[in-house]
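The structure appears below as structure tokens.
The values are calculated or read from the model by the stated rules, or taken from the named source; none is laboratory data. These numbers come from a predicted model, not from an experiment. Cβ sites come from the backbone with ideal geometry, for glycine too, and all protein chains shown count toward neighbours. For the accessible areas, the whole protein counts, side chains as well, though only heavy atoms, and no ligand, DNA or RNA atoms are used. Shrake-Rupley method; radii C 1.70, N 1.55, O 1.52, S 1.80 Å.
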Amino acid sequence: MSTSDLKTSLQPDPISSALSAHIELVQALEQLRAPIETFAAEVSATIERGGRVFWMGNGGSAADSQHLAAELVGRFERERPGLPAIALTTDTAVLTSIANDYGFESVFARQVEALCRPGDVLVGMSTSGNSANVVRAMERAERLQVYRVGMTGAGGGRLRQCCELWLEVPSANTARIQEAQMLIGHILCDLVEQRAYDAANRR
């Protein structure tokens, strides 16, 4: 075996490494069972009262916010009435006008001020927990008596301090955190949808 072949054989396999890290982290999410159940119960109760669920985040977390809002409005796995969920990341006219007039740190807070009502749920997704626009929106939501849920990676950053419910994915790797947050989101959608499905079929 040549020296170059030996070096190659000693390098870790990136596919196996990613899969192993993903599996290990997913198994660690069992420790979040209680807050996930609380999350689902709060979202279901909010919807049953006529409230709405708002989602926000930046970059990949913006895409995940839209994905999870769509699962609730449309359908996850069961036929049931549409559920009121809104991603604050989708309206380019609103986002760009607020960013232009007030600064990017206000793009979510201004929407919260305009759209959220007491008793609604606001979910902030941030791998670091330090996204300034997400934190500012949570601070605004607190004054409006909106229930605040933070989804972060290890440590929680500033977001941890301004939420009533905090779901901490125990990782510092951005990709693994986002994968875990999407799994948590899908579990949430499943639990909320099951409750909505059961309620619709009792009528």
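Descriptive notes on the structure:
- Charge sum, other residues only, whose C-beta stays under 12 Å from L183's C-beta, Lys/Arg counted +1 and Asp/Glu -1: -3
- Surface analysis of the range 109-188 yields an accessible area of 39 Å² per residue, using protein heavy atoms and a 1.4 Å probe.
- Length gained when the stretch Y197-A63 is fully extended (0.36 nm per residue, less Cα-Cα span): 45.6 nm
- Given the alternatives (i) 1.22; (ii) 1.03; (iii) 1.15, Cα Rg over 2.2 N^0.38 Å as computed for this entry is given by (iii).
- Within the accessible area of the range 52-203 (1.4 Å probe), percent carbon and sulfur: 48 percent
- Structure remark: mean-square fluctuation, Gaussian network model of the chain, C-alpha springs under 10 Å; the largest value among V73, V123, V146 belongs to V73.
- Förster-model FRET efficiency, 35 Å R0, E30 and T90, C-beta, rounded to 0.05: 0.60
- Highest GNM mean-square fluctuation among N58, N100, N133, for the chain modelled with Cα contacts below 10 Å: N100.
- Placing +1 on the Cβ of every Lys and Arg and -1 on the Cβ of every Asp and Glu, with nothing else charged, gives the range 74-203 a dipole about its Cα centre of roughly 220 debye.
- Between L19 and E142, residue separation times 0.36 nm minus the direct Cα-Cα distance comes to 40.4 nm.
- Farthest toward the positive end of the dipole of the chain, out of V121, G150, I15, is the Cα of V121, where the dipole comes from beta carbon charges about the Cα centre.
- Separation in nanometres of the label points that stand 7 Å from Cα toward Cβ, at A172 and E113: 3.7 nm
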